[in-house]
Structures are given as structure tokens and as C-alpha cells.
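The values are calculated or read from the model by the stated rules, or taken from the named source; none is laboratory data. Only a predicted model underlies this, so the values are computations on that prediction, with no experimental measurement involved. Glycine also receives a Cβ, built like all others from the backbone with ideal geometry; neighbour counts cover every protein chain displayed. For accessibility, only protein heavy atoms count, side chains too; no ligands or nucleic acids. Shrake-Rupley method; radii C 1.70, N 1.55, O 1.52, S 1.80 Å.
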Amino acid sequence: MDILEYFLDLKPRNEIFHPRKLRLPPSESFLLYGARATGKTTLILEYLERLDPQEWLYLDAQDPAFALEDIDIDQLETFLDEEAIRTLVLDHWYPGFLERLPRCGQLILVSRQSYAELSLPTYELFPLDYEEFLGFDRSHSPTLAFNRFLKLGTLPAMGRSTPASAVLRLRELFYEMFDDAESRLLLILARFQGRRVTAHQIYNTAREYFRISKDWTYATLKRFEEEKLIFFIPDIQRGSGRKLILYDFILTRYLNKHQPFPATFDAMVALALIKHSLPFQAAGALGYLLQERGELILPSAFEGEEQFWQRAQKQYGNFKKLGISKVWIVTVSNRYRFRLGEIDFEGIPFYEWSILNE
């Protein structure tokens, strides 16, 4: 029982908290899941602040104590009853941490991925979207805020950094989040950011640099995809493979310093679509297709109206084949609008488009 007494007295708290959009239920049991470094623990600690501190117990499955000492489930339930604990949080939970799920008033599991077999209500936490980032930002100017977003990315820990300290903080986060083998694979994945690729191509490239097995590579790619550290986006254009996007565009830029800005900007747009739960497919060089809406999202960081007018005329037939009625040209700062035939074209800055699609 000593370890349970230790955690009962611990009562961890956040030093700083910035509100997130995700709202958790006030009393029922649930699973909160999301990729590493998305702010799950911070959100749960803030949740616990609303409760009577005598009525909750927070256990961290990654605590070093659990490497040498297991918790007996019967003893745990006895402890919860004796201490009148109503809410039990199991952070960094994974199947097998306990023999079974404990019986208690409210059970909160925090994990990297969802588990359908648990039959618990589930809530997913993504990295920051742009509107959430504004809650972390201390700038009053929209231009300055967006420039900070471009330099700091979407991980909450980075949102509390400064552009001057960004590289050092990214390095700390990278080595905190991933072991050596995962780090090496991520270096390879960053090279394929925004490109159509197969698992076989990733493996063949990785083995040129590292000792790596095919089975481990395929299994780790599957695990990364399930955790939503990476996304493989189907492409309607013919060809093998799917378009690869890593879950934070600045972390990817840190791992691949030769990545051109248009590729970073393209990933920003794709991640915004993913976070807003908009069903879409890649459409080759044309951008991202929202087929149900008849819309095309085309990342084009710096292209002005005259340039895009010429491009639209050349690609008009392709837009028509896709059944497009509206093309959003997502830019860094340009705004324009025109109509060509039956299709509306609108250039809009990312920071406006992203919030518009909430």
C-alpha cells in the first residue's frame, strides 16, 4: 500500500494552463486518448482541480516505481474504498497495466490510442489548432501571432516557448517522446513529408542508414498510424502509396531542415483538415478534395491573384472533372476572389481559413 499512499499525497498540479476546446464529462468514466505531447496530462490535471482533492487518486503508469512493483487490483479497490476515493485516474495507461479495470465511482484512463473493447466513452485530444494556439500566444497582432505559429507549431509545450528557444525545446521534446529506434525511423519519415510513399519504400530507405528489420519497421509504422503520429492520406490520382503527413509540422521541419517552406505549409493545411474532422482525400498536385462539399483546398503560400488566374485557366478542366464548385486557395497573407466558368476561386490567409472551418 505504500505506493498508493505516495500517490494519494502527491496531488500533482499544473503550473500554467491554457484552455482547450475539448470538454470532458463532469462525472462519468471515460478514456482520453491522443498522440504523445498533445497535452492529455495537463488537461486531466486541470480537470481534477475542479474536484475535492480528498476524493481523487492519480496514478501514473510510467512512474519508475511500477517498473519494480505491481499493484494488486483487490488491494487497490480496498484502498479506494477505505480512503473514500471517488475518482481514479490512470495516466499513461496501457492494456496489461492492471489485471482488469478497477471498480470505482469514476474511472479516467489516459492513453495514446483508443481501445474499442473497453466500452468506455472516448475523447480524442489533438495537438493545437490555430484558434487554440491563439490562447497560448501573447501577441496582440494577428500577423505576429501567425508568425509565431509558423515557428512554434502545434504541440502545447512549444506554444509556451519563444521562437528564440524553439530549437532547444524541440530537441528536448524529441528525445523525451521517442526512444532511439523510433527517433531513427522518424528521421526517415520526415524525408517523405508530403510525398506519396509505401511502407516498403520507407523500409528500404531506412535500412540504407540504420540496422533495421522489416517486421519492426512495419509494426512501428502501424503503431505510429494508430497513435496518429503519422497520417497516410489516400490520393485519388493513380499510383502506389499514400501521402504521408507527420502530426506536427515544426517537429518535422526540425527533423528535416532541408524541407522547403511550401511542403511545411501544405502539411499545415492537411493537419487543419484532419483536426477539424473534415473527410478529404489528396488530389495530387491540386491539393485536397472535400468531395461531399464539392470543394478543393489548395495550399499556395505566396501565389498572387494574377499568378493563380493563369494557373486556374490551365487546370480548369481538371477541376471540372473532380466536380469542384469552389476552390479555396489557402495563402500566407494574400486575399482575392474571382469566378471562372462555374467555379468560384477564393484566396484566403491560413489564419482566417482555419478558423472559418471550425
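Ordered from largest to smallest accessible area (heavy atoms of protein chains, 1.4 Å probe), the residues Arg20, Arg253, Arg211 come out as Arg211, Arg253, Arg20. Where Lys and Arg each count +1 and Asp and Glu each count -1, what net charge lies around Leu45 among other residues with Cβ under 14 Å from its Cβ? Around Leu45, the surrounding residues sum to 0.
Taking trypsin sites (Lys or Arg not before Pro) across region 60-111, the ones in a DSSP loop with at most 12 further Cβ atoms lying within 10 angstrom of their Cβ are Arg100, Arg103. Taking a point 7 Å out from the Cα of Glu82 in the direction of its Cβ, the residues of region 99-121 whose backbone N falls within less than 17 Å of it are 103. Separation of region 219-282 and region 35-64, taken as the distance between their Cα centroids, equals 29 angstrom.
In this structure Glu227 has an accessible area near 10 Å², from a 1.4 Å probe over the protein heavy atoms. Here the accessible area of region 70-115 is 41 percent carbon and sulfur, with a 1.4 angstrom probe and all protein chains present. Computed from Cα atoms, the angle from the helix 261-275 axis to the main principal axis of the chain rounds to 60 degrees.
Over region 43-159, the reciprocal of the mean inverse Cα-Cα separation, the Kirkwood hydrodynamic radius, stands at 16.9 Å.
A 1.4 Å probe run over the chain, with the rest of the protein chains in place, finds 49 Å² accessible per residue.
Here the Karplus relation 6.51 cos²θ - 1.76 cosθ + 1.60, evaluated at θ = phi - 60°, turns the backbone of region 74-80 into coupling constants of 5, 5, 4, 5, 5, 4, 4 Hz, with x for every Gly and Pro. Within region 295-335, the trypsin sites (Lys or Arg not before Pro) that combine a DSSP coil assignment with at most 14 other C-beta atoms in a 10 angstrom radius are Arg335.
Answer rounded, prolate or oblate for region 234-290, using the Cα gyration tensor with square roots of eigenvalues a ≥ b ≥ c: rounded when a/c is under 1.5, else prolate when a/b is larger than b/c, else oblate. The shape class here is oblate. Please identify, among Leu273, Leu168, Leu298, the residue showing maximal mean-square fluctuation in a Gaussian network model of the chain using a 10 angstrom Cα cutoff. Highest fluctuation of the listed residues: Leu168. Between Phe261 and Glu305, the C-beta separation translates, for a Förster distance of 22 Å, into a calculated FRET efficiency of about 0.60. Per-residue accessible area (protein heavy atoms, 1.4 Å probe) orders His258, His18 as His258, His18, starting from the largest.
Placing dummy labels 7 Å off each Cα toward the beta-carbon, the span from Arg293 to Thr205 is 3.0 nm. The slack between Glu182 and Arg100, meaning 0.36 nm per residue of separation minus the straight C-alpha distance, is 26.6 nm. The phi-based Karplus calculation (6.51 cos²θ - 1.76 cosθ + 1.60; θ = phi - 60°) puts the 3J(HN,Hα) values of region 20-34 at 10, 6, 5, 10, 9, x, x, 9, 7, 6, 6, 10, 9, 9, x Hz, whole numbers, x for Gly and Pro. Annotation: Arg191 carries an accessible surface of approximately 120 Å², with a 1.4 Å probe and no ligand, DNA or RNA atoms counted.
Across region 24-157, C-alpha contacts under 8 Å between residues 6 or more apart give a mean separation that, scaled by the residue count, equals a relative contact order of 37 percent. Angle of helix 214-227 to the longest C-alpha principal axis of the chain, folded into 0 to 90 degrees and rounded to 10: 90°. The Cα trace of the chain gives Rg and Dmax of 22.9, 74 Å, the first to one decimal, the second as a whole number.
If the chain linking Glu28 and Glu225 were pulled fully straight, counting 0.36 nm for each residue of separation and taking away their Cα-Cα distance, it would gain 68.0 nm. In percent, rounded to a whole number, the relative contact order of the chain is 12, using alpha-carbon pairs under 8 Å and six or more apart. Spin-label model, Arg339/Ile355: points 7 Å from Cα along the beta carbon direction are separated by 2.8 nm. Looking at region 221-266, none of the chymotrypsin sites (Phe, Trp or Tyr not before Pro) sits in a DSSP loop with at most 15 other Cβ atoms within 10 Å of its own Cβ.
Taking 0.36 nm per residue of separation and subtracting the current Cα-Cα distance, fully stretching the chain between Tyr6 and Arg195 would add 63.2 nm.
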